[in-house]
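The values are calculated or read from the model by the stated rules, or taken from the named source; none is laboratory data. Quick caveat, the model's predicted, so the values are computed rather than measured. Here Cβ is always computed from backbone atoms with ideal geometry, including for glycine, and neighbour counts include all displayed protein chains.
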Amino acid sequence: MRSAIRTVYSFTAFIGRRSRKTRLFALVCGLPVLAAAVIQAGRLFFGVTGIDGPSIFSGVILAFDLQFLILILALFHGTSVCSDEVENKTLTYLTTRPVPKPAIILGKYAAYAVLLTVLVAASVLLSFVILSVDRLGDAAAWLRMFGSLGVLALGLGCYLAFFTLVGTFLKKSILFGLAFSFGWENIVQYFPGSTQKFTVMHYLKSLLPVGSSDGGALAFLVFRLEPSRPAEAVALLAVLTAAFLGAACLVFSKKEYLFDEQT
């Protein structure tokens, strides 16, 4: 099983690094870097005042990454774990080889998780350095940046597992994913009381590293947030990720796929 997962992982990582989809989403990941560069250029070279780099990073760049970027990346890669094999009619070649079906899901998931984490990490790191170029010696700011990156990685892994499951059984999975991402996840998180705990986003926001120097930069992200305890949030995210992956492996192992089926 482990050998099969490594084989699928290696092949998917090799193909994924060179795919058109990866290049497209690498450009999307570059948008925060471009925005950071424009903002910092206005601040340093054109005398634009009232702009604080770390606050822009926390209030704009992090908000974009958390509430848009990781959702889009997870959606289009997670749903393709199964659907690409069906649409390209390569599923038969995979399933007729001595490779356990769960290994296909787990290997492709791992490859996409690593690839997307690298893309997001590069985007976050470059954005932070550009916006904090005059404060690179601030150890606390670096710790908050790495804390934010950890939150994004956890979210990416959980959402990727969820959309991998969705792609194994649901037709029009992209449409469902868009409605889930920008409907449920981006609206219910602001509901008061325990309702917001039915979103993954609630637990990610509960883990955001908030420092005394952030001021009101994170006000939008934590609006109406009734945070869970960090240990509870991490544990639940881990359980959800494992449950989604386990369910995806089970569905993929049991379901019969047709070549003309659109997931």
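Worth pointing out:
- Test result for Ala179, without any contact (Cβ under 8 Å) to a residue 12 or more places away in the chain, in a helix (DSSP H, G or I), closer than 23 Å to Ala247 by Cα and out of contact with any strand residue (DSSP E or B) (no Cβ under 9 Å at 6 or more places or on another chain): yes
- Within region 231-263, if we keep just the residues that are modelled with pLDDT under 90 and touching a Leu at 6+ places or on another chain (Cβ under 7 Å), the residue that is surrounded by the most Cβ atoms within 10 Å (Cβ to Cβ) turns out to be Thr263.
- Qualifying positions in region 169-195 - under 16 Å from Glu87 (Cα atoms) and modelled with pLDDT under 90: Phe169, Leu170, Lys171, Lys172, Ser173
- Any hit, region 123-144, residues being closer than 22 Å to Ala243 by Cα, of a type outside the set (Lys, Arg) and assigned to a loop (DSSP other than H, G, I, E, B): no
- As a summary of the residue check, Ala4 satisfies the conditions (1) closer than 29 Å to Gln67 by Cα; (2) surrounded by 15 or more Cβ atoms within 10 Å (Cβ to Cβ); (3) more than 19 Å from the chain's Cα centre (by Cα) except for the one numbered (1).
- Filtered residues of region 191-207 (kept if within 19 Å of the chain's Cα centre (by Cα) and not in a helix (DSSP H, G or I)): Thr199, Ser206, Leu207
- Residue match in region 157-175 (condition: exposed (fewer than 15 other Cβ atoms within 10 Å of the Cβ) and assigned to a helix (DSSP H, G or I)): yes
- Which numbered condition Thr49 fails, given (1) at pLDDT 75 or above; (2) under 30 Å from Arg144 (Cβ atoms); (3) not in a helix (DSSP H, G or I): (1)
- Ala139 vs. criteria more than 17 Å from the chain's Cα centre (by Cα) and under 22 Å from Leu207 (Cβ atoms): yes
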